[in-house]
Each structure stands twice: as structure tokens, then as C-alpha cells.
């Protein structure tokens, strides 16, 4: 039986940041990180950036921690291992190799995994997702010889991969189920603005389409759509979302939903167990609702907060989450909770004709989220309006005009 003061399941940004936070305040407590990947901490952000894929920057820039960091900070790093069983009463985690680890405090920062694509032929070589460094290595290798690529699904990954592939000279076709890009998370105006940028740069888009079968021998050679259309390709990247592998957590009695349930301190329903990162479904202290977020900054800051709370500091996690990307001359930003529900009001800001368009999402006259196309400069003001809970009931006509400086509302 191995015994450790702090056990962290997950070696990504949330888990590693938590380990940093713990070691900064507790110089003596033992720390172990269990990671299901064979690699130490690296930048997932860089995985979808053209300069990395086109090998215009040194590969070593991917690493965010040297191997020596773990030894210097006395952090045991268990690579290529998965947690298989959790016993909260005995405070024991059993790994897939049968080893057992008794902890005093536990952090579950297991992240998410690419959703499995069940199309016939999806197991062929060259049919990939982009979630891990090994995924990226395989895509980089295949881009060098691929002439045609198919992207499945709309979202940040497809958008960023489309730019990278076009810069590499690869013919790109985007296959989506929806009638416009990123439906229904975005409205049609936003989606068409993104599509305009994609089309202008040679990306073909097939709307309301679905793959029936993937053709080829050992490697992919093409796809057949459900309408019978055949498209040749040597590479497919499926961006069809993510899910959480939580059967072992659920079996332990720790409450789960889509993710692992937690309060505003990121503590789960079990004593001495916290969660952080993409897997955490937590009580948002700013929005006053339960949310689950999947972006780097959120995971990093949650790792810091969870580490502090494992030390007994009792700090509520407070952050207005945001994510941005740019490519093809267009920028896309999400701030706060961008899901439009029947109890929320959408105030459009700008227009497609102006080349700048956003949706300000209000709940009970307070801003809770926003989607921004070519309005990256307003991220800060929007975030502060959400954090402060400013009453905008008398300002809706003003905030719809680009001429109104949102900063003055603060």
C-alpha cells in the first residue's frame, strides 16, 4: 500500500497547477500525480495552432514542465496509469495496474476524452480526433502527405484545424449535421460570418450531412455520405465533442452528472475529495448556477483554487470563463455561460454588415454570457459586467450599438 498526503488524478493543467499550489504552502506533504497519458505536462493550447503543426517552432515548446521539476518539487509522477476504483471511506484509489494509493486529500482532475465516433470504418488509420499530444503527432505526420482532409463537426477544433490544413496546402471539406456553423450554440448570423471566412479561404462546407461509411483498406481513402455522395480523403479529424469517463467515480458514491458534482469550493459530495478542470460540474459563485466548463484558463484557475482548498484555505472559485480563437482573419470569443435558454434574453450587438457582431446574453436583466465575432477587444468589459452583476434593464438599446463603450457601464 502506497501512502501519500495529496493524491491528484490527472496530469494536465488543473492537476499540475494544484500540485504547484500545494507544494508552495506545504513543503513536507507528499504529492503524487496519476496521469493516463505517457507524457509529462504539456500545452494543449498549442496542439491546434498552425505554427506547431507546420513545425515552424521547436517541438520542445510543447513542454510546460521539465522532468526535473517533478523531482525538485518531490512530486511523484505516475505516467500511463488510470484510476480504476475509489474507496472514499478507506481513502484508497486503486489503479489499473492493481496498485493502491491511500491519500489524506484527493483531487479528481481527470479531464474529458474525445467522444467515440461509431461510424463504420472509424477504426481505420488516418481517422483521428485532436485531444492529446499523440493525436497531434499523428496528424502532423499525415498532413505531410495528405491531399484531401475531411473535418467532422463545427466548433473551435474544426475552425482551427481548417486553417492549419489550408496553410499546409491540403484540400479541406467540412461535414456538419447542422444548417450553419456551430448551430445551435451560435445564432445564424454568427455562424454565417464564420462560414464566410472559411469559404473565402477555400474550405468547402457540406451542411445537413452525415457520414454513412468510411472507405479504404488499412488507412482511410474516403467517405460515403448518407445521401450517397463519395468524397476522397487521406485524413479525417472528428470534432464531435467530448465526454467524461466516470463509471469508477460514480460507483464510489461520489455524486456525478455530466461531470463530477462540486460546490463553489470545488469540493465533491465526499469528504476530502475535490475536483477541478473540464470534469468539474460546480456551483458558479458568480452566475449562481451549476456549470461545467472546458477551457485552459478555467482549468488552470480551478487547479489553483482546489489546491488552496485542499490546504484548508476555504476559497470559493470565482472566475468569468472565456475562450477565444482566431484564424482566416476572424476572431471568435465566448465569455461566461453562452447557452441560450427560455429564461434568457439575447441582445444583439453590431451586425454582420459592420463586420463585428456579438450576442449579449441576459438573465433577469444581468449579463451572464456573450458570444463575440470580431469583438475581441470587448472581452474585458463583458467579463467585468458579468462579474459585477450590473443591472442592464435600462441599457439594452445602448448596448446593442457598437458606438456604446461598454466600459462606461462599469
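How long are the three semi-axes of the equivalent ellipsoid for the range 115-238, computed from the Cα gyration tensor as the root of 5 times each eigenvalue, in whole Å, largest first?
Largest first, the range 115-238 gives 22, 17, 13 Å.
So what are the three principal axis dimensions of the range 322-409 from its Cα atoms, in whole Å, longest to shortest?
Over the range 322-409, Cα extents along the principal axes are 36, 24, 23 Å.
Debye calculation, C-alpha points only, no solvent: report log10 I(q)/I(0) for the range 200-281 at q = 0.12, 0.17, 0.24 Å⁻¹, in the same order as the q values.
Result of the Debye calculation: -0.62, -0.73, -1.14.
Just rank 69, 101, fewest to most, by other beta-carbon atoms within 10 angstrom.
Ordered by Cβ neighbours within 10 Å, fewest first: 69, 101.
Please work out the Kirkwood hydrodynamic radius for the chain, using every pair of different C-alpha atoms, and report it in angstroms with one decimal place.
It is 22.8 Å.
Once you put a point 7 Å from the Cα of residue 55 and another 7 Å from the Cα of residue 67, both along the Cβ direction, what distance in nm separates them?
With each label placed 7 Å out from Cα toward Cβ, I get 2.3 nm.
For the range 56-130, place one equal point scatterer on every Cα, skip the solvent, and apply the Debye formula. What is log10 of I(q)/I(0) at q = 0.15, 0.23, 0.25, 0.27 Å⁻¹?
-0.88, -1.13, -1.18, -1.24
With N set to the number of residues, divide the alpha-carbon radius of gyration of the range 137-187 by 2.2 N^0.38 Å and report two decimals.
Expressed relative to 2.2 N^0.38 Å, the Cα Rg reads 1.22.
Could you work out how far apart the two model spin labels at residue 272 and residue 285 are, taking each label as a point 7 Å from the Cα in the direction of the beta carbon, and quote it in nm?
2.4
Could you order peptides 331-340, 252-261, 348-357 by the average number of other Cβ atoms within 10 Å of their residues, highest first?
In decreasing order of mean packing, 331-340, 252-261, 348-357 become 331-340, 252-261, 348-357.
Taking the C-alpha atoms of the range 263-410, how large are the radius of gyration and the largest Cα-Cα span, Dmax, in Å?
For the range 263-410, the Cα radius of gyration and maximum Cα-Cα distance read 16.5, 54 Å.
Before anything else, pin down the relative contact order of the chain: Cα pairs under 8 Å, at least 6 apart, normalised by residue count, whole percent.
In percent, rounded to a whole number, it is 15.
Using 12 Å as the cut-off for backbone N distance, which residues of the range 22-37 belong to the label zone defined by a point 7 Å from the Cα of residue 5 along Cα→Cβ?
22-32
Could you give me D for the range 26-71, from Stokes-Einstein at 10 °C and 1.306 mPa s, where the hydrodynamic radius is the Kirkwood radius over C-alpha pairs? Units µm² s⁻¹, please.
Stokes-Einstein gives a translational diffusion coefficient of 125 µm²/s.
Considering the Cα positions of the range 22-99, please state its Rg to one decimal place and its Dmax as a whole number of Å.
16.2, 51
Once a ≥ b ≥ c are taken as the square roots of the eigenvalues of the Cα gyration tensor of the range 161-298, is the result rounded (a/c under 1.5), prolate (a/b larger than b/c) or oblate (a/b not larger than b/c)?
Judged from the Cα gyration tensor, the range 161-298 comes out prolate (a/c at least 1.5, a/b above b/c).
Any read-out appearing in this document is the output of simple, stated calculations on the displayed coordinates, not a laboratory observation. What you see is a predicted model; the values in this text were computed from it and never measured. For neighbour counting, all protein chains shown are included, and Cβ atoms are generated from backbone atoms with ideal geometry for every residue, glycine included.
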